[in-house]
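Q: Pasting a structure below so you can have a look.
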Amino acid sequence: MDRRDFLRKTGTALAGASGALSLPVLTSCADETVHADSVLEGKRWGMVIDLTRCRDGCTACMDACRKTNNVAFHDDARWDVHWIRKATIKPKDESVGHEEKSVLLMCNHCDNPPCAQVCPVQATYKREDGIVVVDHHRCIGCRYCMIACPYNARFFNFKHNPDWPNKEYPQRSHGVVESCNFCAHLLDQGKRPACVEACESVGAGALIFGNLNDRNSEVSRLATGGFAKRIRDDWGTKPKVYYIGL
Amino acid sequence: MAMDVQFSKIEGRSFPYYLTVAVLASFVLAGFVATLIMHEHGLYLSGMTNRVPWGLQISMAIFYIGLSAGSLVVSGLYGVFGKMEYKPFARIAAYLAMLFLIAGLLSIFTDQGRIDRVFTKPFTYANATSMFSINPALYSGHIMICVLYLWALFKEKGTLTKITSLVVVLWAIGTHTGTGAIFAFVPRELYNSSLLPPSFVAAALSSGAALMILVIVSLSRATGRHLDNELVIWLGRRLLSIFLLVTLYVLLIENAHRVYVAAEHEAGMFFLFGGTHSFFFWVGLITVGCVIPAVLLFIKRTGTSLRWTVFASILVVVGVLFERYLIVIPGLIHPPELFPGWEIVDAVFLEGVASYTVSYLEILQTLGVLGFIGFAFVVGLKVMPLAPNEARALPAA
């Protein structure tokens, strides 16, 4: 193959590749209806976390989540996956108080999700009912969504997870990102998220879940009741997880 | 004034040549094996964690993309501003730019969790709002234009060369701006800065010009082909020095703004004085990468010496490597302020300041990509007439 030939062939190959690549970018704006889930239309799922009812040392929600959704635990903080996690916070300024507080952190299911904005393959997207989900069969594992999520609520499967306690929910291969999806598979069966059930079963009832569009639901009553706060809603992400007692 | 520049392939039959090719090929092999191992077992074999999900590969990717700006500089000088004495380097610059862009894509590619899906999903489900959809389109378009430009140069097509060199310059600005935007457009305190894309362009011009100096000098030394020192010295003293000042200026404004504005003060202080990365910033980037080379280039005695110009160029390339690392890592290890006024004292996850340590496999992957660039470059010199027979400065008018 002489130089002319080489250049012509490389040129043709690159022209084809680049054309194929830029075309979907230009046309993908018209692709809005692909993920529509008409069954859930009219719903806007949200959660209120009442920290005043959350119990110290209790891990019921975290355990239930891990079991229901086969969330990886490797006993190494670098690679463990958390869909819902606990942290203890303390005021920086001692004059404000010394009291430590236990908080729960999870995917906020933002109405303005930066993760979905940056996903190059639309594997992360917001469903019509407002839940932000990851399609594990499409995710290429670029981890840009983890960079974009200001709440650090997204986790990558760095390692194979051998545990598979719930055979009704799929395992994930290593190499894909995941995060809380409000147990969308349970919602689709008319059930509630595992963490909410677990919290109620231990008698705490700190997690209140429901349809924010339904003005009479407990969740929208609490979320709009004046005591509820969202984590850093000044970031403009519009979370659908509200906190009482934060 | 028309100048007749002759190009020819290099001989490429000496022992050092074959040794270089063999060493570079073994790097590629090592990188390939490292990538296979990492993707068989999972990316936990890298130094990355769920708090620092991007590491060396992404830092190197943006470093390579920045280095491709050498072609922007040369084609700007020769094709757009008509400085004919730089025509001898146009082919090398365009070919290298193409290789660096491919290397950038290769680094990002080998860093994916599911490499097997990269050939299909980004094409079928591209997302117009994602910088990771826009940038690959910018890069591959850039590679295409480089190929067309190279063809025009090989064929000595005057008009097409002029047009494509202008397109290369404009497109390159898009490429570097887009690369900066990968970070600038996400809501993380140390990323979210509208000055990041322009500072990426400035650092890209610096590293690109510095690398061109190193390439043309070492090529002339290795092949024994004549190169007028004045050409190198002009690039260093009149261009690289200015690029360095612009880079310094943008970095100064960006960091002064962070430290000044109350909402960003804490993050700004963390960047400037908060750990090892601060040492990289002050010593690696500011002192070694910008101030010392700028001073060397501006002082007449050192700025007009070939040795000192080459030395300054090495410092700039190293400094910009630090700059690329400083774009990616500190913004991730710095914890987001989720509860203003409160600090996290206990957690099941790594909530505070995180850390990142490069693993051996990541270094091998990086060597692999570097090996690819070197291999394709030295083999390219042998199979294509890329290198000029001689490069002479224009006689003073």
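The values are calculated or read from the model by the stated rules, or taken from the named source; none is laboratory data. Small disclaimer: the values here were computed from a predicted structure and weren't measured. Note: ideal-geometry Cβ built from the backbone for every residue, glycine included; neighbour counts use all protein chains shown. We work out accessible area using only protein heavy atoms, side chains counted, and drop any ligands, DNA or RNA first. Shrake-Rupley method; radii C 1.70, N 1.55, O 1.52, S 1.80 Å.
Q: Could you list the trypsin sites (Lys or Arg not before Pro) in region B:1-72 that lie in coil according to DSSP, counting only those with at most 12 other Cβ atoms within 10 Å of their Cβ?
A: B:R13
Q: For chain B, what does the helix formula give at 222 nm: sum of -39500 (n - 2.57) over DSSP H segments with n ≥ 4, over the residue count, nearest 500 deg cm²/dmol?
A: That calculation yields -21500 deg cm²/dmol at 222 nm.
Q: Which whole number gives the average, over all residues in B:376-389, of C-beta atoms from other chains lying within 10 Å of the residue C-beta?
A: Mean number of neighbouring Cβ atoms from other chains: 1.
Q: Continuing with the same structure: Quick one: Karplus J couplings for region B:376-381, per residue in order, coefficients 6.51, -1.76, 1.60, θ = phi - 60°, nearest Hz, x for Gly and Pro?
A: Result, ordered by residue: 5, 6, 5, 5, x, 4 Hz.
Q: Along Cα→Cβ, 7 Å out, is where each label goes; now give me the distance between the ones at A:K92 and B:L272 in nm to one decimal.
A: Each label point lies 7 Å from its Cα, and together they span 1.7 nm.
Q: Highest mean first, what order results for A:64-76, B:104-116 on Cβ atoms within 10 Å?
A: B:104-116, A:64-76
Q: Ordered by residue, what ³J(HN,Hα) values in Hz, to whole numbers, does region A:148-165 give under the Karplus form 6.51 cos²θ - 1.76 cosθ + 1.60, where θ = phi - 60° and Gly and Pro are x?
A: Result, rounded to whole Hz: 7, 6, x, 9, 6, 9, 10, 9, 9, 7, 6, 9, 5, 9, x, 6, 9, x.
Q: Label region A:45-244 by shape, choosing from rounded, prolate and oblate, from the square roots a ≥ b ≥ c of the eigenvalues of the Cα gyration tensor; if a/c is under 1.5 it is rounded, and otherwise prolate applies when a/b is larger than b/c, oblate when it is not.
A: rounded
Q: How crowded by other chains is A:92-103, given as the mean number of beta carbons from other chains within 10 Å of each beta carbon?
A: If you average over the peptide's residues, the count of other-chain Cβ atoms is 2.
Q: How big is the B-A contact in terms of buried accessible area, both chains counted, 1.4 Å probe, rounded to the nearest 100 Å²?
A: 6400
Q: Within chain B, what's the longest stretch lacking GluC sites (Glu not before Pro) that sit in DSSP loops with no more than 11 other Cβ atoms inside 10 Å?
A: Looking at chain B, B:157-397 is the longest stretch - no exposed GluC sites (Glu not before Pro) with at most 11 other Cβ atoms within 10 Å.
Q: Put simply, what bits of region A:110-125 lose 30 Å² or more of accessible area when the other protein chains are there, versus the chain on its own (1.4 Å probe)?
A: With the partner chains in place, region A:110-125 has these residues losing at least 30 Å²: A:Q117, A:P120, A:V121, A:Q122.
Q: Considering only protein heavy atoms and a 1.4 Å probe, what is the carbon-and-sulfur percentage of the accessible area of the protein assembly as shown?
A: 62
Q: Next question. A:R55 label point, 7 Å along Cα→Cβ, cut-off 17 Å on backbone N: hits in region A:204-235?
A: Under 17 Å, as judged by backbone N against the label point of A:R55, lie A:204-208 of region A:204-235.
Q: Any idea of the accessible area per residue across the protein assembly as shown, 1.4 Å probe, to the nearest Å²?
A: I get 42 Å² per residue for this part.
Q: Once fully extended, how much extra length lies between A:S217 and A:Q189, figured as 0.36 nm per residue of separation less the alpha-carbon to alpha-carbon distance?
A: Stretched fully, the A:S217-A:Q189 segment lengthens by 8.1 nm.
Q: Calculate one ³J(HN,Hα) per residue across region A:200-216 by plugging θ = phi - 60° into the Karplus curve 6.51 cos²θ - 1.76 cosθ + 1.60, and present them in order as whole Hz with x for glycine and proline.
A: Coupling constants for region A:200-216: 6, 5, 8, x, 7, x, 7, 9, 10, 10, x, 8, 5, 6, 8, 5, 8 Hz.
Q: Here's another thing I want to ask about it. Amide H neighbours of B:E343 under 5 Å, counting only residues 5+ apart in sequence or on other chains, H built in-plane at 1.01 Å?
A: A:K90, A:K92
Q: At 7 Å along Cα-to-Cβ for each site, give me the label-to-label distance between B:V383 and B:I314 in nm.
A: Each label point is offset 7 Å from its Cα along the Cβ direction, giving 3.2 nm.
Q: Are there trypsin sites (Lys or Arg not before Pro) in region B:157-201 that DSSP marks as loop and that have at most 16 other Cβ atoms within 10 Å, and which are they?
A: B:K157
Q: Once amide H atoms are placed 1.01 Å from N in the peptide plane, what residues at a sequence separation of 5 or more from A:K159, or on another chain, have their amide H within under 5 Å of its amide H?
A: Sorted by chain and number, the residues that satisfy this are A:G175.
Q: Next question. Is there a simple number for the mean count of other chain Cβ atoms within 10 Å of the Cβ of residues in B:144-156, and what is it?
A: Across B:144-156, the average partner-chain Cβ count within 10 Å equals 3.
Q: Students often check this: by mean Cβ neighbours within 10 Å, which of B:131-139, A:202-210 ranks highest, and how do the rest follow?
A: Top to bottom by mean Cβ count within 10 Å: B:131-139, A:202-210.
Q: While we're on this one: Using a 1.4 Å probe on protein heavy atoms, which residues of region B:104-125 have at least 30 Å² less accessible area in the complex than alone?
A: B:Q112, B:G113, B:R114, B:R117, B:K121, B:P122, B:F123, B:Y125
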